[in-house]
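Peer 1: Attaching a single structure in structure tokens format; questions to follow.
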Amino acid sequence: MHVQRHAPPVEIRRPEAEAIDAATLGAAEGDTRAALVQAITDALTDRDAAERHAAEQGRLIARGYARGGVHG
């Protein structure tokens, strides 16, 4: 996994983060480690889905250029 240090900071919405924290901790029955692991797992799953979506969009755009005969 590669961390992009030059990426802009993510906007943090504290009330939303606290709601997710409370829900995750509740689902983990108060086990803070389990809640943290679940939150990280969820974040990585979402990131992977976003990366797959971006890659698919890139393929669709590339096919569109190829079909349209557009050349750089």
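Peer 1: Regarding Asp21, is this residue modelled with pLDDT of 95 or more and part of a helix (DSSP H, G or I)?
Peer 2: no
Peer 1: Another question, then. When the residues of the stretch 31-48 are filtered to those that are of a type outside the set (Val, Ile, Thr) and within 8 Å of the chain's Cα centre (by Cα), which remaining residue is farthest from Ala17 (Cα to Cα)? Reasoning before the result, please.
Peer 2: So the first thing to find is which residues in the stretch 31-48 are of a type outside the set (Val, Ile, Thr), and the list is 31, 33-36, 38-39, 42-44, 46-48.
Those left that are additionally within 8 Å of the chain's Cα centre (by Cα): 43-44, 46-48.
On the way: Ala43: 12, Leu44: 16, Asp46: 15, Arg47: 17, Asp48: 20 Å.
That would be Asp48.
Peer 1: Something else: Would you point out the residue of the stretch 1-18, among those that are under 18 Å from the mean Cα position of the chain (by Cα), exposed (fewer than 10 other Cβ atoms within 10 Å of the Cβ) and assigned to a helix (DSSP H, G or I), that is modelled with the highest pLDDT?
Peer 2: Per the criteria, the residue is Glu16.
The values are calculated or read from the model by the stated rules, or taken from the named source; none is laboratory data. All values derive from a computational prediction rather than experimental measurement. Note that we place each Cβ from the backbone using ideal geometry, even for glycine, and neighbour counts take in every protein chain shown.
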